[in-house]
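Peer 1: Can you keep this structure in mind? I'll have questions shortly.
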Amino acid sequence: MSNFSRQIRSSSSMFRCLHYRLLYRSFTTIEGHRPTIVHKQGLDILHDPWFNKGTAFSMTERDRLELRGLLPPNVMSNEQQIERFMTDLKRLEVNARDGPSDTNSLAKWRILNRLHDRNETMYYKVLIAKIEEYAPIVYTPTVGLVCQKYSGLFRRPRGMYFSAADRGEMMSMVYNWPAEQVDMIVVTDGSRILGLGDLGVQGIGIAIGKLDLYVAAAGINPQRVLPIMIDVGTNNEALLKDPLYLGLQQHRLDGDEYIAVIDEFMEAVFTRWPHVIVQFEDFQSKWAFKLLQRYRNSYRMFNDDVQGTAGVAIAGLLGAVRAQGKPMIDFPKQKIVVAGAGSAGIGVLNAARKTMARMLGNNDLAYESAGSQFWVVDANGLITEERENIDDDAKPFARKTKEIGRQGLKEGASLVEVVREVKPDVLLGLSAVGGLFSKEVLEALKGSTSTRPAIFAMSNPTTSAECTPEEAFSIVGENVVFASGSPFPDVDLGNGHIGHCNQGNNMYLFPGIGLGTLLSGSRVVSDGMLQAAAECLAGYMTEEEVVKGIIYPSISSIRDITKQVAAAVISEAIEEDLAEGYREMDARELRKLNKDEIISYVEDNMWSPEYPTLIYKKD
Ligand SMILES: NC(=O)C1=CN([C@@H]2O[C@H](COP(=O)(O)OP(=O)(O)OC[C@H]3O[C@@H](n4cnc5c(N)ncnc54)[C@H](O)[C@@H]3O)[C@@H](O)[C@H]2O)C=CC1
Ligand SMILES: CC(=O)C(=O)O
Ligand SMILES: [Mg+2]
């Protein structure tokens, strides 16, 4: 007997069969219109090629089959599905003609993605063994391209989708996810994906990529991670006009309506999984800070772009001081020009100012004095107290008119003017503007008063980097310290010397922050825990390395770094009396552990991709 007839046979009521038969006889005899009785729901349906209709499941069917939240919200017709598939196939031909490098990276992503769908253990074995080679595929820069082309690449859904149309339903929808336990959620609303802007529902790719690193670097069990997209619409007009777009075709919700959706989502996930950690990712700055303040004292959450990036930048900035042959304590003397005052830029500025203030005595005067080490340039130029409608978050960094007048600068001065006049030790970009550190700007940096100026071109993906390492080394000089958000190869300086290209990316911290928080059992992610993570990363590099301009570790050691960072986070949580323990390791036991024992505790709780022995047991 075929599976199909077995399923029909075991259907619950004879009456219903008879009723259906009569119904079909009277209306139609077309095979495709006959209903199929299924004994599966949720992901099992989506993973079954016989029954899966992908995005074509109607809303009523989604409700009936417990599929709500497991698919992008836009219901597609058969014709649209086929068109999406064909467009994607054709794009391959276009890419082959016009962009061979894109074709390779996307093709690799597809192959890895198929392996991910087929065999998670093997997928993570490959990723961990070849992290240097494949992080640029599953993470920046390729993940940016994947998000941009997601409509075409979408095959099997991964993660959950909550949309503005799901208001009032999220608490029940969250139970459609099959895993009883979820440790780590990465959530985005798609409003600022890397430096690529508003990509709407297609931003799910970034949540998936970040969680790949959680598994590969932090050893979070892949069965307990959950990528989530909150689709509140998009303001990307091209997507709104695209009939093949998978998300809600409406403008973004704003104000109280927006907050109501995010509040409902937070309540739903923390009701089902009270111990989960939620990482907010790539929310536009306008909401990134507000949501962080709203939730950080009541939920286990953090914002990676604001807090993770800040820690990575601090570690790099301290490394740059050491690379000049100076002690870290000289950090408060550094003159720092920051291009970009969004969630990432302001996050870095706040953390850098606090770090300086701590080194200067940790009082109000120290904080005030630290503020004068920063010059912030945004899309409208240098930010001063004369700036109209200045953002509250940027206000503490607005320069005083008199002071900058003495420096020959004024409100709105251009980046090149600022660099020329300030002669900074560090030029740091989080602007999402590719090539912003132009030849002119880099020429101006040659006037730096530092013996070893540092350039952080931190915007992602590669096309958004403020400059390339070749440009930095060739224009400013071989002595510069260089870091970029996306990976670049080292530069052969042609005289037997190598210009080292560091990857200054929050991937060095967020996996350890998440793992450390999980294993400490802390109910919040405190400033102290984040600071401990940053200090751990800063201390990871040896003197010998920093002198060579190597201020971040190689990605091949990311599992070890993450372990150390997680241990530092746990120690701080214990110190602050926040640690409540995890599983059999209760708070009291945790407090008894010494440094090495904490590291072993972390190591013992990191998942590794090994095939378990499987045993069949009836329910
Ligand atoms: N390397 C890393 O680990 C991370 C990198 N990033 C990158 O940082 C970039 C910015 O992210 P957000 O702050 O969230 O974005 P955002 O869009 O909120 O901020 C961008 C900022 O750059 C400014 N800007 C625009 N044009 C400019 C110009 N010509 N000159 C100077 N400033 C200019 C804007 O006024 C704004 O203040 C993105 O490319 C993102 O990929 C973000 C987080 C982590
Ligand atoms: C790395 C990262 O989080 C970003 O570019 O947004
Ligand atoms: Mg991000």
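The values are calculated or read from the model by the stated rules, or taken from the named source; none is laboratory data. Since the model is a prediction, treat every value here as computed from it, not as a measurement. A quick note on method: Cβ atoms are made from the backbone with ideal geometry, for glycine too, and the neighbour counts reach across all protein chains shown.
Peer 1: Could you list, in sequence order, the residues of the range 383-404 that are in contact (Cβ under 8 Å) with a residue 12 or more places away in the chain and under 20 Å from G347 (Cβ atoms)? Lay out the reasoning, then the answer.
Peer 2: So the first thing to find is which residues in the range 383-404 are in contact (Cβ under 8 Å) with a residue 12 or more places away in the chain, and the list is 383-387, 391, 393-394, 396-401, 403-404.
Scanning the range 383-404 gives I383, R387, D391, D393, A394, P396, F397, A398, R399.
Peer 1: If you scan the range 54-88, which residues turn out to be part of a loop (DSSP other than H, G, I, E, B), in contact with a helix residue (DSSP H, G or I) (Cβ under 8 Å, 6 or more places away or on another chain) and not acidic (D, E)? Break it down into steps so the answer makes sense when it comes.
Peer 2: So in the range 54-88, the residues part of a loop (DSSP other than H, G, I, E, B) come out as 57-58, 65-77.
Next, only the ones that are in contact with a helix residue (DSSP H, G or I) (Cβ under 8 Å, 6 or more places away or on another chain) stay: 65-77.
Listed by number, the residues that qualify are L65, L67, R68, G69, L70, L71, P72, P73, N74, V75, M76, S77.
Peer 1: Quick one: which of F437, F488 is crowded, with 24+ Cβ neighbours inside 10 Å and farther than 14 Å from A313 by Cβ?
Peer 2: Values: F488 fails: crowded, with 24+ Cβ neighbours inside 10 Å.
Answer to the check: F437.
Peer 1: Under 6 Å by Cβ, and 6 or more places apart or on different chains, what pairs join a residue from the range 52-72 that is over 24 Å from G152 (Cα atoms) with one that is part of a loop (DSSP other than H, G, I, E, B) and among the basic types (K, R)?
Peer 2: So the pair list comes out empty.
Peer 1: Quick check on this structure: which one of K400, K410, K326 is away from ligand 2 (no atom under 16 Å from the Cβ) and in contact with a Lys or Arg (Cβ under 9 Å, 6 or more places away or on another chain)? Break it down stepwise before answering.
Peer 2: Details: K400 fails: in contact with a Lys or Arg (Cβ under 9 Å, 6 or more places away or on another chain); K410 fails: in contact with a Lys or Arg (Cβ under 9 Å, 6 or more places away or on another chain).
Residue meeting the stated conditions: K326.
Peer 1: Look at A472 and say whether it is touching a helix residue (DSSP H, G or I) at 6+ places or on another chain (Cβ under 6 Å) and in contact (Cβ under 8 Å) with a residue 24 or more places away in the chain. Quick ask: steps written out before the conclusion?
Peer 2: On the way: touching a helix residue (DSSP H, G or I) at 6+ places or on another chain (Cβ under 6 Å): no; in contact (Cβ under 8 Å) with a residue 24 or more places away in the chain: yes.
For A472, the condition - touching a helix residue (DSSP H, G or I) at 6+ places or on another chain (Cβ under 6 Å) and in contact (Cβ under 8 Å) with a residue 24 or more places away in the chain - is not met.
Peer 1: Across the range 263-295, what is the total count of residues that are touching a residue at least 60 places away in the same chain (Cβ under 8 Å), away from ligand 1 (no atom under 16 Å from the Cβ) and outside any loop (DSSP other than H, G, I, E, B)?
Peer 2: Total meeting the criteria: 9.
Peer 1: While we're here: Looking at the range 415-422, can you tell me whether even one residue there is surrounded by fewer than 20 Cβ atoms within 10 Å (Cβ to Cβ), β-branched (V, I, T), away from ligand 1 (no atom under 11 Å from the Cβ) and over 27 Å from the mean Cα position of the chain (by Cα)?
Peer 2: No, the range 415-422 contains no residue that is surrounded by fewer than 20 Cβ atoms within 10 Å (Cβ to Cβ), β-branched (V, I, T), away from ligand 1 (no atom under 11 Å from the Cβ) and over 27 Å from the mean Cα position of the chain (by Cα).
Peer 1: Just to be sure before I move on: is K410 in a loop (DSSP other than H, G, I, E, B) and basic (K, R) in the structure I sent? Write out each step before concluding.
Peer 2: On the way: in a loop (DSSP other than H, G, I, E, B): yes; basic (K, R): yes.
So K410 fits the description; yes.
Peer 1: Another question, then. Identify, from the list G499, G477, G512, G485, the residue that is at pLDDT 95 or above, within 15 Å of ligand 1 (Cβ to nearest atom), of a type outside the set (F, W, Y) and farther than 30 Å from H275 by Cα. Walk me through how you get there before you give the answer.
Peer 2: On the way: G499 fails: within 15 Å of ligand 1 (Cβ to nearest atom); G477 fails: within 15 Å of ligand 1 (Cβ to nearest atom); G512 fails: farther than 30 Å from H275 by Cα.
Going through G499, G477, G512, G485 in turn, just one is at pLDDT 95 or above, within 15 Å of ligand 1 (Cβ to nearest atom), of a type outside the set (F, W, Y) and farther than 30 Å from H275 by Cα: G485.
Peer 1: Now for a different question. Listed residues R158, R192; which is surrounded by fewer than 23 Cβ atoms within 10 Å (Cβ to Cβ) and either within 25 Å of I128 (Cβ to Cβ) or within 16 Å of ligand 3 (Cβ to nearest atom) (or both)? Full working, then the answer.
Peer 2: On the way: R192 fails: surrounded by fewer than 23 Cβ atoms within 10 Å (Cβ to Cβ).
Checking each option against the conditions leaves just R158.
Peer 1: Let me ask something else about it. Among the residues of the range 296-323, what is the count of those that are in a helix (DSSP H, G or I) and within 16 Å of ligand 2 (Cβ to nearest atom)?
Peer 2: First pass over the range 296-323, keeping only residues in a helix (DSSP H, G or I): 304-323.
Filter once more, keeping what is within 16 Å of ligand 2 (Cβ to nearest atom): 304-316.
Looking only at that region, the number is 13.
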